[in-house]
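Novice: What follows is a single structure, and I will ask about it in a moment.
The values are calculated or read from the model by the stated rules, or taken from the named source; none is laboratory data. The shown structure was predicted, so the numbers you read here are calculated from the model rather than taken from an experiment. In this analysis, Cβ positions are derived from the backbone assuming ideal geometry, glycine residues included, and neighbour counts consider all displayed protein chains.
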Amino acid sequence: MGRGFALVSTLIMLVVLMSLLTAYFALTRIELGSTQASVRQTTGFYAAEAGLNLRAEEIRAKFLGYNRPQGTSPSPTNPCQGNNLGSGDFACKAYTVSGRTVRTYVVEAAGNPQNVTIPPGELYENLDAQEYRYSLFSEAIGPDGRTEAVLELVFKSRLVPMFQFAAFYNKDLEILPGPNMTLNGRVHTNGDLYLNAGNTLTIQGQVSTAGTLYRGRKDTTGCSGTVNVYKENNQPASLPCGSGNSRRSFDQASVAAWGNRVQVGVSPVSVPQPEDLEPQPGRTYWEKADLRLGLDLYTTPPLVKVYRVQNGTNVPDLGATAALNACVGAVGTSEGFYNWREGRVIRMMEVDLRKLLDCVHLNSSIFGFSLNDATEGGLVFHFTVFGPNSSEVNNYGVRIKNGGEIASTLPNAPRPRGLTIVTDQAVYIQGDFNKTNWIPAAFLADSLNILSNAWTDDARSYQTLSQRAASDTEVNAAFLSGTDITGGVEGPSGRDKGNYNGGLENYPRFHETWSGKTLTYRGSFVSLGIPRRVNGPWCGTGGSGTYDPLRGRVSGKTGCNIYDPPTRNWSYEVRFSQGQLPPLSPRFVYLRQERFLREFERP
């Protein structure tokens, strides 16, 4: 009897245990299924998010070089199914991410673009911009063919003219003036920012850097002078040096007292590349220029020609070239300027600006445009040199003379609305530029040189520095050109290696002794990289020596013998921030997210 009861009890216990095990395995299967589903959904979510990022970057890149996305979106019913694929930049496009197929497409908002002023409190507040709004959809499809995640991103692509900044660099920016200097505009760099002064540097506009803000020098560990940056209450406050007058770094927390006026570690913005200045079909400025002139060194004698872009190639315009060269003194060439910084005699394309404008007015039907052309906001002239090494380090240049007033000398000729001069070579501005009857103007060049009103004969370049005396000169134009790199390397690896690049205060290259003379300048300094056509380093001021052009020999050289600095009466051209920008002003692009949604059904 007892043994039977024990057996029955054992059997009951086995049944209970089997039930528990069965329930456990069932629950485990459910849990594993839930975990696997969760893993699939999480993986799908991140894959779809990656699809959004990839597609948004493609849209952003389309805006570089004055382009914009084009095409049609698929219809919202069953998008990216069958023939419902859309076209162009808005069409369905698939990526493979983490073993998932990610399908994306773009919908453009009605009313694009909008001209906006960036709201207060945002980075780049109060700047004018063109704003394009888009909705971007991304669907991640798992290996089993099922949709794992559907995401929507609504974003704005903003195009901001860079000439709204007193200084805008796509590299390390160093400002180290000797005398007092006030920058009455904004300062931004996509690299590190070094602020120092021999006396006092004051920045009145917003300061932003994608890298680190340093108080002090890049080439040494020193820190000197006073650097003031205006706070949100429009009162200046000093950025202190480190202990023992050493260089000091600042992160965002350490500049909290400046509020929105100092921004450290911001996202870098996308800028045009220096290659955009090349005289090649498809390049923005060459394609869009009203007038394309090239000094052809392959002809005998060398001749300045007018070019058209036809079927993707550069073709000399024989009629326009003949008309141009019949305008005596408008264009020409010279080979008598010795550049002490480069140690070379420079072969110049010579442009007498007012005579060129006279020529265009007299031959507007041949050139195909009038002086008051409003396309791109005014006139765009591209000047270049075609010859051996023209796309490498060379001894070529473009000199602009007689530009004190940007207007024809002929009666009843219309005034230009604006003028942008572009060259992929070094540009030399000789004498006053845009001093009388100001119009929006800019120079976009490989490097930028200024010769004073006293420069009347290139034989001066052979003389010792003390004999190359400058005179007061005024230049009013935005600048975009290459600048050297301190230490030869961007970022921290270039610190403390010497070889100072001259800083913002030496952005224009000088070739005279300006001692006691003033360069008055109103404009904007933009630098997107290093010069690609010249490689002579900044080496300081003072020195002596002469050049013998017959023997090609330098004698008695001491020091740099390049220049002595001017009194810098410089300021930002505030009219650039009031809508009066030079034609075809370069722009940077950045995206701003407006809304991010996770959908649970296909849109």
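Novice: Looking only at region 565-579, which residues are touching a helix residue (DSSP H, G or I) at 6+ places or on another chain (Cβ under 7 Å) and at pLDDT 95 or above? It would help to see each step written out before you state the result.
Specialist: The first filter runs over region 565-579 and keeps only residues touching a helix residue (DSSP H, G or I) at 6+ places or on another chain (Cβ under 7 Å), leaving 568, 576-577.
568, 576, listed by residue number.
Novice: Based on what the data block shows, is residue 315 touching a residue at least 60 places away in the same chain (Cβ under 8 Å), of a type in the set (A, V, I, L, M), outside any loop (DSSP other than H, G, I, E, B) and at negative phi?
Specialist: Values: touching a residue at least 60 places away in the same chain (Cβ under 8 Å): no; of a type in the set (A, V, I, L, M): yes; outside any loop (DSSP other than H, G, I, E, B): yes; at negative phi: yes.
When the stated conditions are applied, residue 315 does not pass them.
Novice: Restricting to region 507-553, give me the number of residues that are buried (at least 20 other Cβ atoms within 10 Å of the Cβ), of a type outside the set (Ser, Thr, Tyr) and either under 20 Å from residue 485 (Cβ atoms) or in contact with a Pro (Cβ under 6 Å, 6 or more places away or on another chain) (or both).
Specialist: Going through region 507-553 one residue at a time, the tally reaches 11.
Residue by residue, here is whether (1) free of Cβ contacts under 8 Å to residues at least 40 places away in the same chain; (2) farther than 15 Å from residue 427 by Cα; (3) assigned to a loop (DSSP other than H, G, I, E, B); (4) among the β-branched types (Val, Ile, Thr) holds:
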residue: 304; (1), (2), (3), (4): no, yes, no, yes
residue: 307; (1), (2), (3), (4): yes, yes, no, no
residue: 321; (1), (2), (3), (4): yes, yes, no, yes
residue: 334; (1), (2), (3), (4): no, no, no, no
residue: 347; (1), (2), (3), (4): no, no, no, no
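Novice: Still on this structure, I have one more. Go through region 265-277 and give me each residue that's buried (at least 20 other Cβ atoms within 10 Å of the Cβ) and either touching an Asp or Glu at 6+ places or on another chain (Cβ under 8 Å) or aromatic (Phe, Trp, Tyr) (or both).
Specialist: 274, 277
Novice: Taking strands (runs of 3 or more DSSP E) that fall entirely within region 143-212, which contain at least 3 residues that are within 20 Å of the chain's Cα centre (by Cα)? Working first, answer last.
Specialist: On the way: elements: 147-161, 167-169, 173-175, 181-183, 187-189, 193-195, 200-203, 207-209.
Result: 147-161, 167-169, 173-175, 187-189, 207-209.
Novice: Just give me the residues in region 94-106 being within 13 Å of residue 50 (Cβ to Cβ), assigned to a strand (DSSP E or B) and in contact with a Gly (Cβ under 9 Å, 6 or more places away or on another chain), in sequence order. So that I can check it myself, show each step before the final result.
Specialist: Our first condition is that a residue be within 13 Å of residue 50 (Cβ to Cβ); within region 94-106, this holds for 94-104.
Checking which are assigned to a strand (DSSP E or B) leaves us with 94-97, 100-104.
Hits for region 94-106 are 94, 95, 97, 100, 101, 102, 103, 104.
Novice: Of the conditions (1) at pLDDT 95 or above; (2) closer than 25 Å to residue 478 by Cβ; (3) assigned to a loop (DSSP other than H, G, I, E, B), residue 124 clears all except one; give me its number.
Specialist: (1) is the only condition that residue 124 fails.
Novice: Would it be correct to say that residue 424 is in contact with a Ser or Thr (Cβ under 7 Å, 6 or more places away or on another chain) and either in the same structural domain as residue 502 (by TED's automatic domain parsing) or part of a strand (DSSP E or B) (or both)? Explain how you work it out, then say what you get.
Specialist: On the way: in contact with a Ser or Thr (Cβ under 7 Å, 6 or more places away or on another chain): yes; either in the same structural domain as residue 502 (by TED's automatic domain parsing) or part of a strand (DSSP E or B) (or both): yes.
Yes; evaluated as a whole, the condition is true for this residue.
Novice: Please go through region 224-240 and give me each residue that is of a type in the set (Gly, Ala, Ser), out of contact with any Phe, Trp or Tyr (no Cβ under 9 Å at 6 or more places or on another chain) and either part of a strand (DSSP E or B) or farther than 13 Å from residue 175 by Cβ (or both), ordered by number. Spell out how you get there, then give the answer.
Specialist: Here is the first cut: in region 224-240, the residues of a type in the set (Gly, Ala, Ser) are 224-225, 237-238.
Narrowing the set further to residues that are out of contact with any Phe, Trp or Tyr (no Cβ under 9 Å at 6 or more places or on another chain) leaves 224-225, 238.
Passing the criteria: only 238.
Novice: Collect the residues in region 245-289 that are among the acidic types (Asp, Glu), without any contact (Cβ under 8 Å) to a residue 40 or more places away in the chain, closer than 19 Å to residue 381 by Cβ and in a loop (DSSP other than H, G, I, E, B), keeping them in residue-number order.
Specialist: Correct list: empty.
Novice: Can you pull out the residues in region 290-302 that are out of contact with any Leu (no Cβ under 7 Å at 6 or more places or on another chain), assigned to a loop (DSSP other than H, G, I, E, B) and in contact (Cβ under 8 Å) with a residue 40 or more places away in the chain?
Specialist: Of the residues in region 290-302, the ones out of contact with any Leu (no Cβ under 7 Å at 6 or more places or on another chain) are 291-295, 297-301.
Retained after the next criterion (residues that are assigned to a loop (DSSP other than H, G, I, E, B)): 297-301.
Of everything in region 290-302, those that are out of contact with any Leu (no Cβ under 7 Å at 6 or more places or on another chain), assigned to a loop (DSSP other than H, G, I, E, B) and in contact (Cβ under 8 Å) with a residue 40 or more places away in the chain turn out to be 297, 298.
Novice: Name every residue in region 82-93 that is more than 22 Å from residue 144 (Cα to Cα), over 32 Å from the mean Cα position of the chain (by Cα) and not in a strand (DSSP E or B), in order of residue number. I'd like the intermediate steps shown before the answer.
Specialist: Of the residues in region 82-93, the ones more than 22 Å from residue 144 (Cα to Cα) are 83-91.
Retained after the next criterion (residues that are over 32 Å from the mean Cα position of the chain (by Cα)): 83-86.
If the condition is that a residue be more than 22 Å from residue 144 (Cα to Cα), over 32 Å from the mean Cα position of the chain (by Cα) and not in a strand (DSSP E or B), then 83, 85, 86 are the ones that fit.
Novice: Hey, another quick one. Suppose we filter region 337-382 for residues that are touching a Phe, Trp or Tyr at 6+ places or on another chain (Cβ under 6 Å), aliphatic (A, V, I, L, M) and either farther than 17 Å from residue 293 by Cα or surrounded by fewer than 19 Cβ atoms within 10 Å (Cβ to Cβ) (or both); how many remain?
Specialist: 2
Novice: Where the second residue is surrounded by fewer than 18 Cβ atoms within 10 Å (Cβ to Cβ) and the first is small (Gly, Ala, Ser) and lies in region 72-87, which pairs have Cβ atoms under 8 Å and are six or more apart or on separate chains?
Specialist: 73/91; 75/84; 86/71; 86/72; 87/71; 87/72
Novice: Among the residues of region 464-488, which ones are surrounded by fewer than 17 Cβ atoms within 10 Å (Cβ to Cβ) and either out of contact with any helix residue (DSSP H, G or I) (no Cβ under 9 Å at 6 or more places or on another chain) or outside the structural domain of residue 403 (by TED's automatic domain parsing) (or both)?
Specialist: First, pick out the residues of region 464-488 that are surrounded by fewer than 17 Cβ atoms within 10 Å (Cβ to Cβ): 466-467, 471, 488.
466, 471, listed by residue number.
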